[in-house]
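Read through the structure below, which is laid out as structure tokens, and then see the notes.
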Amino acid sequence: MKEQLRQRSQTSSERLAPGSVIGVLGGGQLGRMMALDGTRMGYKFITLDPQPDCPLGQISEQIIAAYDNAEAAGQLAAKSDVITYEFENVDAGVAALLEERSYVPQGSKLLYTTQHRLREKAAIEAAGVPVAPYREITSLESLHEAVAELSLPCVLKTATGGYDGKGQAVLRQEEQLEAAYTELAATGAELVLEKFITFTSEISVIAARTPNGEVKSFPPAENIHVNNILYLSIVPARIPTEVQRKACQLAEKVAEGLNAVGLLAVEMFLTADGSLYVNEVAPRPHNSGHYTMEACTTSQFEQHVRAICNLPLGDTTLLTPVVMVNVLGQHLDEVIGRSIVEDQAAIQLGIVPKLHLYGKSDSKHNRKMGHINLLCGDVEDALEWVKQTNIWRH
Ligand code: AMP
């Protein structure tokens, strides 16, 4: 079966039947929630993750080894009918090995593209979708030239390895250039300079594509970050309906242009004149898509399983307004110490809170421990409740 699937191209119409084993590189919360939905659909899961008792390992078989351990990756391939991943920084050698020995419908090319900001931006532009104007930076001189072309403010970023705002610097004055360049160049990564986009909101759209080319997207989420970590996702996003529609179209266009299979989370900036610019994409479930778990007919996790198993995609209709709030280490005690379901203020506002915790035993400041989906009649009520509870003091 695996051999046949491997030999077929990504336009295969073969379905991977329930009972098949889905191997997941990475065993964090994204893999865990994928497996919770995938198990309900009849699939079995195995993960490769170095952390014993990781969130996915608690509910599936686990191979405990480093992500770049070729022998362990070989074991994962041998035990899986299909392989997916829950993070994009998969070692290139491991990605190639998995593709050779197992069925990886997402392919290694998508990883190669999305692991590197310059390649990613070029691919998005090639799909006919706008990104913030950018330049490749190879020296301090080229940074000065690029700043002269794009004009300040700009954002200097490492092309690889950055996360949660790490590996980037906002440049507002000429005097900042040298220090920012020295600091980021010291990481050894290639650099990219982007025009700073004065956005009115940050939104994201999760699109899904099957090997047969079926594409669907979820309603856009309006995302609010604190300290570069996602704090709230608000759905429906408080932006005009036609902009929502345009955002979905752009995300689907990117998924098609990148030949993506599975989920593609597309983050965008919206400006006052209604323009949308794609900031970055992630070929996996995304924190800003957690709202789909109760608020949409199909969750992002079920959709990913459907896509990689080549089942028809599920309906993405939003069933109710929702606000997703992340539970970080500093919020955990208060969240679990009280019964949010019985919270009188929430009841009075007609809010139905759905709590998800990831099973991480080691709670740390700013570590994602869970999230709450606040199903509501009006997102403003849920936002008011988040403020009132005083749990999220950051
Ligand atoms: P990133 O790592 O690219 O997701 O960037 C982290 C955050 O920095 C984004 O969520 C934005 O709030 C901000 N940011 C990144 N790039 C830009 C840009 N070109 N213009 C304005 N803000 C940006």
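The values are calculated or read from the model by the stated rules, or taken from the named source; none is laboratory data. Predicted, not measured: the structure shown is a model, and the values here were computed from it. No Cβ is skipped: glycine too gets one built from the backbone with ideal geometry, and neighbour counts run over all protein chains shown. Just the protein is used for accessible areas: all its heavy atoms, side chains included, with ligands, DNA and RNA removed. Shrake-Rupley method; radii C 1.70, N 1.55, O 1.52, S 1.80 Å.
Selection of first residues in segment 48-70 that are in contact (Cβ under 8 Å) with a residue 24 or more places away in the chain and of second residues that are of a type in the set (S, T, N, Q) and not in a loop (DSSP other than H, G, I, E, B), restricted to Cβ pairs under 6 Å at least 6 apart or on distinct chains, gives the following pairs, ordered by first then second residue: Pro55/Gln29; Leu56/Thr47; Gly57/Thr47; Ser60/Thr47; Gln62/Thr47.
The condition of being within 16 Å of the ligand (Cβ to nearest atom), outside the structural domain of Arg284 (by TED's automatic domain parsing), crowded, with 17+ Cβ neighbours inside 10 Å and in a helix (DSSP H, G or I) does not hold for Ala95. Taken residue by residue, segment 216-224 has at least one member that is surrounded by fewer than 17 Cβ atoms within 10 Å (Cβ to Cβ), part of a strand (DSSP E or B) and within 11 Å of the ligand (Cβ to nearest atom).
Filter segment 198-220 for residues that are among the hydrophobic types (A, V, I, L, M, F, W, C) and in contact with a Pro (Cβ under 9 Å, 6 or more places away or on another chain) and give the result.
Those that are among the hydrophobic types (A, V, I, L, M, F, W, C) and in contact with a Pro (Cβ under 9 Å, 6 or more places away or on another chain): Ile203, Val205, Ile206.
Note on segment 240-295: among residues that are of a type in the set (S, T, N, Q) and in contact (Cβ under 8 Å) with a residue 60 or more places away in the chain, the one that is farthest from the ligand (Cβ to nearest atom) is Asn259. Of all residues in segment 360-382, exactly one satisfies the criterion of being assigned to a helix (DSSP H, G or I) and surrounded by fewer than 18 Cβ atoms within 10 Å (Cβ to Cβ), namely Glu380.
Kindly indicate whether any position in segment 187-194 is touching a strand residue (DSSP E or B) at 6+ places or on another chain (Cβ under 6 Å), part of a loop (DSSP other than H, G, I, E, B) and outside the structural domain of Ala307 (by TED's automatic domain parsing). There is at least one residue in segment 187-194 that is touching a strand residue (DSSP E or B) at 6+ places or on another chain (Cβ under 6 Å), part of a loop (DSSP other than H, G, I, E, B) and outside the structural domain of Ala307 (by TED's automatic domain parsing). In segment 148-173, of all residues being of a type outside the set (Gly, Ala, Ser), over 29 Å from Leu111 (Cα atoms) and open to solvent by 60 Å² or more (accessible area, probe 1.4 Å), the one that is nearest to the ligand (Cβ to nearest atom) corresponds to Arg172.
Tallying residues that are within 8 Å of the ligand (Cβ to nearest atom) and either of a type in the set (Lys, Arg) or in contact with a Cys (Cβ under 7 Å, 6 or more places away or on another chain) (or both) within segment 174-204 yields 3. Screening Leu156, Leu152 for residues that are of a type in the set (A, V, I, L, M, F, W, C), over 26 Å from Ala265 (Cα atoms) and either in contact with a Ser or Thr (Cβ under 6 Å, 6 or more places away or on another chain) or not in a helix (DSSP H, G or I) (or both) leaves exactly one candidate, Leu152.
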